[in-house]
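**Q** Please find one structure pasted underneath; my questions will follow.
Any read-out appearing in this document is the output of simple, stated calculations on the displayed coordinates, not a laboratory observation. Owing to the predicted nature of the structure, the values given are computational and were not obtained by experimental measurement. Note: ideal-geometry Cβ built from the backbone for every residue, glycine included; neighbour counts use all protein chains shown.
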Amino acid sequence: MQGLLVGPAVPVMSLWGLAGPASQGLMSRLVGVSEQGQLQGANTALMSIAGLIAPGLFAVSFAYFIEPVPGRLLLPGAPYLLAALLLVMATLITLHATAQRRPPDRRR
C-alpha cells in the first residue's frame, strides 16, 4: 500500500522545484539594482548552510523519536512535523519582513 503513495507524490513534490526560482524572483523585486548581487549571494549562502544543517537535524529528530524509551512519545513523523514548523516560521518571518517593503498598490 505504501508504494502506491509514491506515484501521486512525485508530481506534487516536483512542484517544489518551482519554489526556488519563484522566491528568487520575488526577492529581486524588493531590492534595487545595485543590491542584486548581495541578495543572490546571501540567498545562496543561506541555502548552503541549510543544506549542511538540515540532514543532521532531521536525522537526529527521527532517531530521538523512534527510540523506544518508556514515557517518550513514539513519533516517526517528527522530521516532517519539524519541517512544517520551520516552513510556517519562515512564512511568518517573510510576511513580516516584506510587509514594510511592499510597493504601493498602483491599480488605483
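**Q** Please work out which residue is farthest from Gly20 (Cα to Cα), limiting yourself to the stretch 56-68 and to residues that are out of contact with any Lys or Arg (no Cβ under 9 Å at 6 or more places or on another chain) and surrounded by 10 or more Cβ atoms within 10 Å (Cβ to Cβ).
**A** Ile66
**Q** To continue, here is another question. So Leu73 clears everything in (1) out of contact with any Phe, Trp or Tyr (no Cβ under 8 Å at 6 or more places or on another chain); (2) assigned to a loop (DSSP other than H, G, I, E, B) except one condition, right? Which one?
**A** Failing condition for Leu73: (1).
**Q** Which of the residues spanning the stretch 31-46 are under 24 Å from the mean Cα position of the chain (by Cα) and either loosely packed, with under 11 Cβ neighbours inside 10 Å or farther than 30 Å from Gln100 by Cβ (or both)? Full working, then the answer.
**A** Here is the first cut: in the stretch 31-46, the residues under 24 Å from the mean Cα position of the chain (by Cα) are 31, 35-46.
Within the stretch 31-46, Gly37, Gln38, Gly41, Ala45, Leu46 meet the criteria.
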